[in-house]
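Just below is one structure, and these are the notes that go with it.
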Amino acid sequence: MKNEQTALPDQILVRQDAFLRNLARELLTLDRDPLPRMNRPRLLARLPHVLVLCAAVLFGFLTSAQLADHYAVTGAPSLVLSVLTGASVALATVRPVAAFWLGLVTAALIAWAGHAQAGQGQSWPWTPGGIFVFAPLVLLVALRVPPRATVAAAGLPIALTVLAEALAQPERGRSSVVGALLLFGFVGLLGYALRALRLARGELVEQETLTEEERARRTLLEERGRIARELHDVVAHHMSVISIQAQVAPHLVEDPSEELKENLAGIRQNALEALTELRRVLGVLRSEQPDDSADAHRPQPTLAELDGLVDNVRGAGLEVTVETAGIRRPLAPGVELTAYRIVQEALSNCLRHAPGSRVEVGIAYGPRALHLCVANTAPARPVPPPQGTGHGLLGMRERAGMLGGELAAGPRPGGGYEVSAVLPLDPPHDSSPETKKDS
């Protein structure tokens with residue numbers, strides 16, 4: 001118990017010491033801290049800086065006029081004090097804490113220079129306009145320092161005003177304590193509120209950016225999951241073929257050896273086990289849509305079904321023409337599926353974003369690659385508001401990149417939009433980054 005009672009004061013002393021060190025570091029720094037620009041509009045980004053510099057010139061002339069009219073301070077002293085006043089306000093745009101101390105020292109010099117003439121109802125230690133000249137310095141400091149430093153910046157001139165009046169208030173001089181307390185307290189609170197608002201807006205923008213990145217990342221993962229579901233069907237089909245071929249192979253050879261039978265039986269068993277695991281994975285991937293049992297075991301589409309897709313799009317109101325070049329032939333299942341999905345997504349985009357347009361679908365069978373092109377003219381009717389996440393191009397690029405192909409999309413020179421893709425007919429067996437790194 002005694003150790004705990006002893007440790008508690010020690011912790012308080014450590015916290016107080018850290019608080020004072022941080023406060024001293026914040027109020028005794030000459031570091032550069034420029035006044036933030038306005039975000040919008042762009043032409044007015046420097047408006048706060050221009051206003052502060054104009055105020056610096058105005059306050060310099062105001063100080064000179066009041067020193068001469070109310071305190072009979074003229075000549076070189078008046079010029080120097082006026083220049084220091086304007087310089088402190090101008091300096092606050094880049095070094096607010098240094099400007100605060102310069103303004104405080106200048107205010108003390110003005111009070112000392114006008115002390116002898118401060119009477120007959122003249123305010124002291126602040127001149128009639130001096131308290132309003134120093135207020136922007138407190139405000140510009142409060143905009144850029146933590147709350148504890150803001151309290152110190154607003155409280156220090158108030159405390160010095162009370163001390164000066166208590167020690168050297170001229171006879172019949174007017175007190176400045178109430179004005180200093182109200183004005184410096186108000187601008188300190190205003191600076192704190194504006195700083196808190198600026199920080200909150202910055203955090204909000206940062207959070208919105210993170211949210212948008214997270215949304216794009218989630219959309220990408222969902223699209224990759226959809227692609228994986230479709231490709232698992234293709235892989236499962238091949239595993240079934242391997243199993244059947246391994247089972248039939250011994251009957252195609254006269255007097256097959258026991259070793260051959262065992263190897264083929266092992267191949268068939270491994271294929272069946274792999275097929276079972278693939279079906280389990282497919283069940284997990286499809287668990288997000290358990291009610292969609294009609295499409296659970298439907299074969300994945302190929303380019304042979306493209307005519308039906310085009311007929312459906314024509315029925316929706318688009319004028320679609322299809323041109324095929326090269327020798328039409330069956331391709332690898334993954335290439336067929338990817339090509340069909342790219343054309344399907346491109347036509348869907350035409351329906352959504354270019355109603356009433358004319359669409360041209362081009363398919364070219366090359367010796368090493370399949371070339372696709374879906375181009376539409378400008379929409380003939382008003383485009384309805386966009387629906388959904390708008391990441392269809394992301395999925396098309398993912399599909400093309402999975403096969404080692406390329407996809408390009410963009411507006412056409414004469415209006416409309418075009419999507420083109422090149423899919424290798426012999427996709428790389430493993431184009432993942434890990435494989436490339438190992439190779």
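The values are calculated or read from the model by the stated rules, or taken from the named source; none is laboratory data. On a predicted model such as this, the values are computed, not experimentally measured, just so you know. Please note: Cβ atoms are built from the backbone with ideal geometry, for glycine as well, and neighbour counts cover all protein chains shown. Note: areas computed on protein heavy atoms with side chains; ligands, DNA, RNA excluded. Shrake-Rupley method; radii C 1.70, N 1.55, O 1.52, S 1.80 Å.
Brief remarks follow.
- All conditions but one from (1) exposed (fewer than 14 other Cβ atoms within 10 Å of the Cβ); (2) of a type in the set (Val, Ile, Thr); (3) at pLDDT below 70 apply to residue 234; the one that does not is (1).
- Which numbered condition residue 131 fails, given (1) over 18 Å from residue 173 (Cβ atoms); (2) surrounded by fewer than 21 Cβ atoms within 10 Å (Cβ to Cβ); (3) of a type in the set (Val, Ile, Thr): (1)
- Taking the criterion of being among the polar types (S, T, N, Q) and open to solvent by less than 90 Å² (accessible area, probe 1.4 Å), the residues of region 203-223 that qualify are 209, 211, 219.
- Tally, over region 310-349, of residues that are of a type outside the set (D, E, K, R) and without any contact (Cβ under 8 Å) to a residue 60 or more places away in the chain: 20
- Restricting attention to region 46-80 and to residues that are of a type in the set (Val, Ile, Thr) and in contact with a Ser or Thr (Cβ under 8 Å, 6 or more places away or on another chain), the residue that is surrounded by the fewest Cβ atoms within 10 Å (Cβ to Cβ) turns out to be 52.
- The criterion of at least 1 residues that are under 52 Å from the mean Cα position of the chain (by Cα), polar (S, T, N, Q) and closer than 28 Å to residue 190 by Cα is met by the following helices (runs of 4 or more DSSP H) wholly inside region 70-145: 75-91, 96-114.
- All conditions but one from (1) free of Cβ contacts under 8 Å to residues at least 60 places away in the same chain; (2) more than 30 Å from residue 28 (Cβ to Cβ); (3) of a type outside the set (Gly, Ala, Ser); (4) not in a loop (DSSP other than H, G, I, E, B) apply to residue 223; the one that does not is (1).
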